[in-house]
Amino acid sequence: MIVGHEFMGEVVETGSAVTNLKRGDRVVVPFPISCGHCFFCQHDLYPHCESSNHKHYGPEGGLMDQKGAALFGYTDLYGGYAGGQAEYVRVPFADIGPRKVPENLTDDQVLFLTDIFPTGYIAVDWADLKGGETVVVFGCGPVGIMAQKSAWLKGAKRVIGVDIQPYRMEKAKKVANSEVLNAATDDVVEIIREMTEGRGADVCIDAVGMEADRSILEKVLNTVTVQAGTTNVLENCFSAVRRGGVVSVVGVYGSNYHNFPFGQFFDKGLTLKAGQAPVQAYIDTLIKLVEEDKVTLEDIITHKLPLKDAPHAYDIFNKKEDDCLKVVLTP
């Protein structure tokens, strides 16, 4: 299985049905594989395409089967399509997904239009900001920082990033101009309430998902309850957001969870939005934001390495070494 769902490159060959691209075009490729013609694609719900994930598609959804659209480099459950960390990539439905890169933009400027910028952007767009809101983003990784940048673009008055790694918080302060809170040392929910006259934030974004830090007891309970990871960050979002607020979830959750705080969710009258980003519905707008110099994406890159050094890149990222935040691999 070739991994990698965030890639761009140069067209070397096109199929007979592809009429909008030609050999030599430089393109960015959205990570959902979508046909563009089915019910869901026609409603701009590209990650729910009915046509690309033939083996495991279905209406139920969940952990092991009945998935949505296929995704590049994302296991057999999501179509089994090889990903982008290779010298060549086959791109299905290439007349729908890939977008030609304007000549005046560099690869680094546009690479993250494939996934993390649209994902961060939609997390904010779902909240339908009117201007002047306080937005808290749990997670100062690549997606979290993109969400913080997007909050400013959509009119937020105050943007706060939450993390447990100092180097990620420093990067958020530097490139997203965010205030930051350390969840490893502080009671961030209480601090957020203090910062918002006791109410809580207007919007909380979970850009971490189930892979947040867990205690040993939680890991044991995962085994007993057959749950993957933890809902700690989601629970913090429910507590830190104000009554009537919005919680957006773009961090990945892979299973059902016991003790989901539905009573709190109901009593506070919250709006919850979650899912994979419909990149094809947003990418043209986001390319213009980059072209017009309204947002910078490449300032989160911390390492550039040849593809042969990918194991090293994964190792230092996983071990949180060398302040590794985002690696770009070049074949």
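The values are calculated or read from the model by the stated rules, or taken from the named source; none is laboratory data. In this text, all values refer to a predicted model and were calculated from it rather than measured experimentally. Reconstructed Cβ throughout: ideal geometry from the backbone, glycine too, with neighbour counts over all protein chains shown.
For the reader, a short list of remarks on this structure follows.
- When the range 231-265 is filtered for residues that are over 21 Å from the mean Cα position of the chain (by Cα) and either of a type in the set (S, T, N, Q) or not assigned by TED's automatic domain parsing to the domain that holds residue 141 (or both), the ones remaining, listed by number, are 239, 259, 264.
- Residue selected from the range 160-186 under the condition in a loop (DSSP other than H, G, I, E, B) and among the small types (Gly, Ala, Ser), by the criterion surrounded by the most Cβ atoms within 10 Å (Cβ to Cβ): 178
- For residue 72, the criteria (1) at pLDDT 95 or above; (2) under 21 Å from residue 327 (Cα atoms); (3) loosely packed, with under 11 Cβ neighbours inside 10 Å hold in every case but one, which is (3).
- Restricting 320, 304 to those that are farther than 30 Å from residue 42 by Cα and in a strand (DSSP E or B) reduces the list to 304.
- One residue from 71, 45, 111 being closer than 24 Å to residue 147 by Cβ and out of contact with any strand residue (DSSP E or B) (no Cβ under 8 Å at 6 or more places or on another chain): 45
- Being in contact with a strand residue (DSSP E or B) (Cβ under 7 Å, 6 or more places away or on another chain), assigned by TED's automatic domain parsing to the domain that holds residue 155 and modelled with pLDDT of 95 or more is true of residue 202.
- Selection within the range 1-50 - buried (at least 17 other Cβ atoms within 10 Å of the Cβ) and of a type in the set (A, V, I, L, M): 8, 11, 21, 27, 28, 29, 33, 45
- Residue match in the range 252-264 (condition: crowded, with 17+ Cβ neighbours inside 10 Å and either in contact with a Pro (Cβ under 9 Å, 6 or more places away or on another chain) or modelled with pLDDT of 95 or more (or both)): no
- Boolean, residue 147 is buried (at least 21 other Cβ atoms within 10 Å of the Cβ), under 16 Å from the mean Cα position of the chain (by Cα) and not in a strand (DSSP E or B): yes
- For the range 234-269, a residue qualifies if it is closer than 26 Å to residue 67 by Cα and assigned to a loop (DSSP other than H, G, I, E, B), and the qualifying residues are 250, 251, 252, 253, 254, 255, 256, 257, 258, 259, 260, 261.
- Every listed requirement among (1) touching a strand residue (DSSP E or B) at 6+ places or on another chain (Cβ under 9 Å); (2) over 24 Å from residue 197 (Cβ atoms); (3) aliphatic (A, V, I, L, M) is met by residue 252 save one, (1).
- Every condition in (1) at pLDDT 95 or above; (2) in contact with a helix residue (DSSP H, G or I) (Cβ under 6 Å, 6 or more places away or on another chain); (3) not β-branched (Val, Ile, Thr) holds for residue 294 except the one numbered (2).
- Assessment of the range 151-170 against the conditions (at negative phi, without any contact (Cβ under 8 Å) to a residue 24 or more places away in the chain and not hydrophobic (A, V, I, L, M, F, W, C)) yields at least one matching residue.
- Filtered residue count, the range 77-123, keeping only those that are among the polar types (S, T, N, Q) and more than 23 Å from residue 51 (Cβ to Cβ): 4
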